[in-house]
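**Q** Below is a structure I'd like to ask you about.
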Amino acid sequence: MRFMIIVRATQESEAGAPPNERLLEDMMKFNEELVQAGIMLAGEGLHPSSNGARVRFSGKSRSVIDGPFAETKELIAGFWMWQVKSREEAIEWVKRCPNPFESECEIEIRQVFEAPELTDNADIVRKEAELRAKSAQLSDRGAR
Amino acid sequence: MRFMIMVKSSGDGQNCAAQDEQFLDRMRKFNDELVKAGALLALEGLHPSAKGARVRLSAGKPTVFDGPFPEAKELIGGYWLWQMKSKEEAIEWVKRCPFPPQGEIEIEIREVLDVEEFGARMAPSMYGRAQPALVDD
């Protein structure tokens, strides 16, 4: 099963403050454990919302709102994608995650849809798999 | 530049499971265009937050809260990762997303930190990856 592990934003992440040395070390060890366990599929950090934007769709209209966005609770700072046996296993790993911030932080765990869960149409499932394969290629090409 | 394009909406999980084949087809065509443009790096839909959880990390023991989470504005229904020349280009593509005209949808665009900015030791991509398991029925 795949889970998106979402690091919810804090005032610290929105301020764009770089993490301290101890945190970097702890996070590196944690990431290494995730890779060793065959769990780590992906992970990214996001720039603060000050250089982001939102596009609102209402009927045919589209409106663009520039960041920053004041409601920190609505924002995320980064995420991982993990492959685990169960929701419980994901929770146990998250409990061991070093806190990325000096202040309290929340990490959200959401299961990811696989194409067969969305449709019985074998053609669509196959096309979704092809799409993912192509996007993985583009992603790997760009990977440093 | 890489961008995370997050689909937030007025309803938890509505943008994925509740959609019909016509919508999936329109989305697939849109995604194919992104692939042709060399822009599509990743795409995922999330199960509703009712199946999810949150873990609060603080000074003491971590605390686990089960979903659902009531604040729809906090929730992501799905996301893409795109390679774009600029935020403006990302915005133009987002405006073309084929969401149905009924309902209110909000899409958030956030720039993804490069490894150099993240700090090489933080970035999971530096450590290689596990291979995703093939889904079997």
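Quick note: the coordinates plus some simple rules give every number you see, no bench work behind them. These numbers were taken from a predicted model, which means no experiment stands behind them. For neighbour counting, all protein chains shown are included, and Cβ atoms are generated from backbone atoms with ideal geometry for every residue, glycine included.
**Q** In region A:76-125, what trypsin sites (Lys or Arg not before Pro) fall in a loop by DSSP, with at most 14 other Cβ atoms inside 10 Å?
**A** A:Lys85, A:Arg96
**Q** While we're looking at this one, here's another question. If I model a spin label at B:Lys85 and A:Arg96 as a point 7 Å from the Cα along the Cα→Cβ vector, what separation in nanometres do I get?
**A** 4.6 nm
**Q** When a/c reaches 1.5 or more, the comparison of a/b and b/c decides; with that in mind, is region A:65-124 rounded, prolate or oblate per its Cα gyration tensor?
**A** It is oblate, given that a/c is not under 1.5 and a/b is not larger than b/c.
**Q** Quick check on region A:1-102: take the gyration tensor over C-alpha atoms, sort the square-rooted eigenvalues as a ≥ b ≥ c, and tell me if it's rounded (a/c under 1.5), prolate or oblate.
**A** Values: a/c = 2.80, a/b = 1.53, b/c = 1.83.
Since a/c reaches 1.5 but b/c is at least a/b, the shape of region A:1-102 is classed as oblate.
**Q** Can you compute the helix-only [θ] at 222 nm over the protein assembly as shown? Use -39500 (n - 2.57) per DSSP H run of at least 4 residues, normalise by all residues, nearest 500 deg cm²/dmol. Don't jump to the answer; show the numbers that get you there.
**A** Details: 8 runs with 84 residues, N = 281.
Taken over the protein assembly as shown, the calculation gives -9000 deg cm²/dmol.
**Q** Testing the spin-label approximation: label points 7 Å from Cα along Cα→Cβ at A:Asn51 and A:Ser86. State their distance in nm.
**A** 4.3 nm
**Q** Could you calculate the FRET efficiency of A:Lys73 with A:Asp123 from 1/(1 + (r/R0)^6), where r is the beta carbon distance between them and R0 is 41 Å, rounded to 0.05?
**A** The computed FRET efficiency comes out at 0.50.
**Q** Tell me, what HN-Hα J-couplings in whole Hz come from the Karplus equation 6.51 cos²θ - 1.76 cosθ + 1.60 at θ = phi - 60° for each residue of region A:64-78, using x for Gly and Pro?
**A** Values, residue by residue: 10, 10, 7, x, x, 10, 6, 7, 4, 5, 8, 9, 10, 9, x Hz.
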